[in-house]
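A.B. asks: Can you read through this structure? Questions will come right after.
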Amino acid sequence: MGDAAMTSRRKRISLIAGAAAVAVLATVGAINNQDVSAVPPSADSPLFEGLPKTTVVEVLENPKAQANVAIWPAEETTGRNALWQGMVINFTQCRQMLTVYLEWQATGVARELPPLELPANPAGDVVRDAKVVDTSYREVIASGDPAQVSKLLLAESGCGAWVPARAGDTQGLVVADVVAKAAANA
Amino acid sequence: MTTTNTKRVVIGIAAATFLLLVSNGAPAQAYAQDSWTNAQVSCSHGTYQYVDSSLQHLVFGDVWVHQTSATNPVTGEYHLQSAQGNNTSAKVAASGQTVIWSGVIASTYKVWHTAQTSVNCNGSLPGDGNTLTSGWARFDF
């Protein structure tokens with residue numbers, strides 16, 4: 001094979017290799033935000049220190065909680081961890097709010113919400129964000145109007161829309177279902 | 001932020017625009033507006049990126065999301081996810097359109113984008129590719 005032919009062949013090989021590299025990069029670029037590989041933390045992780053263990057396990061096993069985290073990019077560990085912690089706080093407080101509401105309906109007396117339980121090793125802004133919600137919960141209880149509580153628990157964007165009324169019961173009623181029934185019977 | 005989203009430029013962040021919405025004697029209400037410019041998002045339906053910077057929505061009220069533009073004709077499907085894992089329904093906005101969620105509880109939210117339907121933004125290359133989108137979200141506080 002002459003020099004000219006060799007040079008031409010090398011060029012073709014270079015072009016093919018370049019095109020292949022571009023294709024691979026484009027494919028990777030298109031999927032790198034779809035994380036299906038990030039391993040969820042263990043319930044024994046220091047991430048959950050200070051939070052109720054049974055609720056931690058419940059949240060880690062909850063399909064909707066898993067789906068919430070799954071859309072996060074794998075490299076955003078802090079955001080993912082903050083969300084895991086936030087959801088544990090959410091499950092805990094949501095059922096506490098349900099108890100407050102049901103007792104309020106039954107007795108006419110609004111019980112105070114238990115103190116906010118926070119992780120010992122907070123990720124990102126989880127504490128700040130939890131306090132936003134905690135403040136709003138305490139404000140509606142202090143309003144003296146149980147309908148203000150039910151409004152939050154029934155809201156599409158509220159915890160009641162997806163947090164199971166009974167811990168771990170992912171097939172049963174969610175908090176909003178119980179609130180709706182109680183409100184209808186009031 | 002995602003690798004792709006690191007390219008986005010957020011303008012008008014928390015320097016939030018305080019506006020008085022005085023109408024019919026209603027109490028003054030302020031809002032924060034978070035804008036994104038050229039946030040890189042996927043053209044594949046089902047691939048999500050968040051496009052805002054976690055603004056706090058501090059009162060029970062409305063959240064607005066507006067898609068200003070996209071470099072490819074991608075119609076955005078948006079939903080809000082709170083820092084505690086609560087979600088709104090998904091709403092669809094093409095460029096120039098605004099969607100509104102009413103009765104959104106106080107929390108910190110991210111605005112998540114996916115393409116309403118998959119669009120080929122990648123020409124003859126594999127995959128649907130990405131597009132650059134701009135828009136804003138408005139939260140009450």
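A.B. asks: Where residues in the stretch A:121-169 are over 25 Å from A:E61 (Cα atoms), outside any helix (DSSP H, G or I) and free of Cβ contacts under 8 Å to residues at least 24 places away in the same chain, which of them is farthest from the other protein chains (Cβ to nearest Cβ)?
C.D. replies: Taking the candidates together, the pick is A:D145.
A.B. asks: Regarding B:K110, is this residue within 11 Å of the chain's Cα centre (by Cα), closer than 24 Å to B:Y31 by Cβ, within 11 Å of chain A (Cβ to nearest Cβ) and of a type outside the set (A, V, I, L, M, F, W, C)? Steps first, answer last, please.
C.D. replies: Details: within 11 Å of the chain's Cα centre (by Cα): yes; closer than 24 Å to B:Y31 by Cβ: yes; within 11 Å of chain A (Cβ to nearest Cβ): yes; of a type outside the set (A, V, I, L, M, F, W, C): yes.
So B:K110 passes the test.
A.B. asks: Now, a different point. Given the options A:A186, A:A176, A:A110, name the one that is touching a residue at least 12 places away in the same chain (Cβ under 8 Å) and under 22 Å from B:N87 (Cα atoms).
C.D. replies: Going through A:A186, A:A176, A:A110 in turn, just one is touching a residue at least 12 places away in the same chain (Cβ under 8 Å) and under 22 Å from B:N87 (Cα atoms): A:A176.
A.B. asks: OK, next. Pairs only if they're at least six apart or on different chains, beta carbon under 7 angstrom, first in the stretch B:91-102 and farther than 13 Å from B:H79 by Cβ, second among the hydroxyl-bearing types (S, T, Y) and surrounded by fewer than 17 Cβ atoms within 10 Å (Cβ to Cβ); list them, first residue then second.
C.D. replies: Pairs found: B:A94/B:T75; B:S95/B:T68; B:S95/B:S69.
A.B. asks: Of all residues being surrounded by fewer than 23 Cβ atoms within 10 Å (Cβ to Cβ) and within 13 Å of chain B (Cβ to nearest Cβ) in the stretch A:52-68, which is nearest to A:A161 (Cα to Cα)? Just the residue, please.
C.D. replies: A:K64
A.B. asks: Would you confirm whether or not the stretch B:70-78 contains a residue that is within 14 Å of chain A (Cβ to nearest Cβ) and more than 22 Å from B:I105 (Cβ to Cβ)?
C.D. replies: The answer is yes, given that some residue of the stretch B:70-78 is within 14 Å of chain A (Cβ to nearest Cβ) and more than 22 Å from B:I105 (Cβ to Cβ).
A.B. asks: Can you tell me which residue in the stretch B:90-104 is farthest from the other protein chains (Cβ to nearest Cβ), limited to those that are in contact with an Asp or Glu (Cβ under 6 Å, 6 or more places away or on another chain) and closer than 21 Å to A:C159 by Cβ?
C.D. replies: So the first thing to find is which residues in the stretch B:90-104 are in contact with an Asp or Glu (Cβ under 6 Å, 6 or more places away or on another chain), and the list is B:90, B:92, B:100, B:102.
From the residues that got through so far, the ones that are closer than 21 Å to A:C159 by Cβ too are B:90, B:102.
Working: B:A90: 11, B:S102: 9 Å.
So, considering only residues that are in contact with an Asp or Glu (Cβ under 6 Å, 6 or more places away or on another chain) and closer than 21 Å to A:C159 by Cβ, the one farthest from the other protein chains (Cβ to nearest Cβ) is B:A90.
A.B. asks: In contact with an Asp or Glu (Cβ under 8 Å, 6 or more places away or on another chain), surrounded by 24 or more Cβ atoms within 10 Å (Cβ to Cβ) and touching a residue at least 12 places away in the same chain (Cβ under 8 Å), is that true of B:H57?
C.D. replies: yes
A.B. asks: Kindly provide the set of residues from the stretch A:81-103 that are among the β-branched types (V, I, T) and closer than 19 Å to A:A182 by Cα, ordered by number.
C.D. replies: Of everything in the stretch A:81-103, those that are among the β-branched types (V, I, T) and closer than 19 Å to A:A182 by Cα turn out to be A:T99, A:V100.
Each value in this text was obtained by applying a stated rule to the coordinates, not by laboratory testing. Since we're looking at a predicted model, the values are computed, not measured. Every residue, glycine as well, gets a Cβ built from its backbone with ideal geometry; the counts of neighbours run over all protein chains shown.
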